[in-house]
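Undergrad: Dumping the structure here so I can ask a few things about it.
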Amino acid sequence: QVQLVESGGGLVQAGGSLRLSCAASGRTVSTNVMGWFRQAPGKEREFVARIRGSYSSGYADSVKDRFIISRDNAKNAVYLQMNSLKPEDSAVYYCAASGSGGKFEFWGQGTQVTVSS
């Protein structure tokens, strides 16, 4: 079983940056695909970014070239560097880890990101 805890959310002005962290415990997630998702009020949860291994990453079109996902296997952690933030990036951000079936099976409790205009 994997437990995930996000941190680093907060209030930032448009154009600013935030770095989200996701600390994993229970077992190593070095071989898991790790992802970030977000959910804004009244909207469905949506994919933001994922990382497979150390360098293979993918992003939603809406965040490409602004967000960077990375991982530190020694710390059993995943990060999301968010730059050039926009009000539409405001949401609860969730960290997720893949399970044995390849789908995202483990989820954190989320961290709130609010971008003011």
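The values are calculated or read from the model by the stated rules, or taken from the named source; none is laboratory data. If you're wondering where the values come from, they're calculated on a predicted model, not measured in any experiment. When we count neighbours, we look across all protein chains shown, and the Cβ atoms used for this are built from the backbone with ideal geometry, even at glycine. Just the protein is used for accessible areas: all its heavy atoms, side chains included, with ligands, DNA and RNA removed. Shrake-Rupley method; radii C 1.70, N 1.55, O 1.52, S 1.80 Å.
Undergrad: Counting only other residues whose beta carbon sits under 14 Å from that of GLY102, what net charge do I get with K and R as +1, D and E as -1?
TA: +2
Undergrad: All other residues with a Cβ under 12 Å from the Cβ of GLU6 taken together, and with Lys, Arg as +1 and Asp, Glu as -1, what is their net charge?
TA: Around GLU6, the charge tally is +2.
Undergrad: Hey, which lysines would be in cross-link range of LYS43, C-alpha to C-alpha under 23 Å, not counting anything within fewer than 8 residues on its own chain?
TA: Output for LYS43: LYS64, LYS86, LYS103.
Undergrad: May I ask you to list the aspartates and glutamates whose Cα is less than 16 Å away from that of LYS75, ignoring any residue fewer than eight positions away on the same chain?
TA: Answer for LYS75, where 16 Å is the Cα cut-off: GLU6, listed by chain and number.
Undergrad: Could you look at region 75-117 and say what percent of its accessible area is carbon and sulfur, using a 1.4 Å probe and all protein chains?
TA: 48 percent
Undergrad: Run through region 15-56 and list the trypsin sites (Lys or Arg not before Pro) located in a DSSP loop whose Cβ has at most 14 other Cβ atoms within 10 Å.
TA: Within region 15-56, the qualifying trypsin sites (Lys or Arg not before Pro) (loop, at most 14 other Cβ atoms within 10 Å) are ARG27, LYS43.
Undergrad: Related question: If I take every Cα pair under 8 Å that is 6 or more residues apart in the chain, average their sequence separation and divide by the length, what percent do I get for the relative contact order?
TA: 36 percent
Undergrad: Something else: By the scheme Lys and Arg +1, Asp and Glu -1, what is the net charge of all other residues having a beta-carbon under 14 Å from that of CYS22?
TA: Once positives and negatives cancel, what remains is +3.
Undergrad: Still on this structure, please answer the following. Can you work out the Karplus-derived ³J(HN,Hα) for every residue in region 55-65? Use 6.51 cos²θ - 1.76 cosθ + 1.60 with θ = phi - 60°, whole Hz, and x for glycine or proline.
TA: Working through the residues one at a time gives 10, 7, 10, x, 9, 5, 4, 5, 10, 4, 6 Hz.
Undergrad: Tell me the chymotrypsin sites (Phe, Trp or Tyr not before Pro) within region 1-81 that lie in a loop according to DSSP and have at most 12 other beta-carbon atoms within 10 Å.
TA: Answer in residue order: TYR55.
Undergrad: Using the heavy atoms of the protein chains and a 1.4 angstrom probe, tell me the accessible area per residue for the chain in square angstrom.
TA: 52 Å²
Undergrad: Going by amide H atoms built from the backbone, whose H comes under 5 Å of the H on SER90, apart from near neighbours?
TA: VAL115
Undergrad: At what distance in nm do the modelled label points of ARG19 and ILE68 sit from each other, each positioned 7 Å from its Cα along Cα→Cβ?
TA: Those two pseudo-labels are separated by 1.0 nm.
Undergrad: Give me the distance in nm between label points sitting 7 Å out from Cα along the Cα-to-Cβ direction at LYS43 and THR114, one decimal.
TA: In this crude spin-label approximation the distance works out to 1.7 nm.
Undergrad: Name the GluC sites (Glu not before Pro) in region 1-107 that are in a loop by DSSP and that have at most 14 other C-beta atoms within 10 Å, would you?
TA: Here the GluC sites (Glu not before Pro) that fit, given the DSSP loop and packing criteria, are GLU44.
Undergrad: Sort ASP61, ASP72, ASP89 from largest to smallest accessible area, using a 1.4 Å probe on the heavy atoms of the protein chains.
TA: ASP61, ASP72, ASP89
Undergrad: Right, here's the next one. Just for the chain, what percent of DSSP beta bridges are antiparallel, to the closest 5?
TA: Once the DSSP bridges in the chain are tallied, antiparallel ones form about 90 percent.
Undergrad: For region 79-89, just list the computed ³J(HN,Hα) in residue order, Karplus coefficients 6.51, -1.76 and 1.60, θ = phi - 60°, integers in Hz, with x standing in for Gly and Pro.
TA: 3J(HN,Hα) across region 79-89, in whole Hz: 10, 9, 8, 10, 10, 6, 5, 10, x, 6, 7.
Undergrad: Just reorder ILE51, ILE68 by solvent-accessible area, largest first, 1.4 Å probe, all chains present.
TA: The most accessible residue leads, giving ILE68, ILE51.
Undergrad: Dividing the Cα convex hull volume of the chain by residue count, how many Å³ per residue is that?
TA: Spelled out: Cα convex hull of the chain, divided by residues, is 93 Å³.
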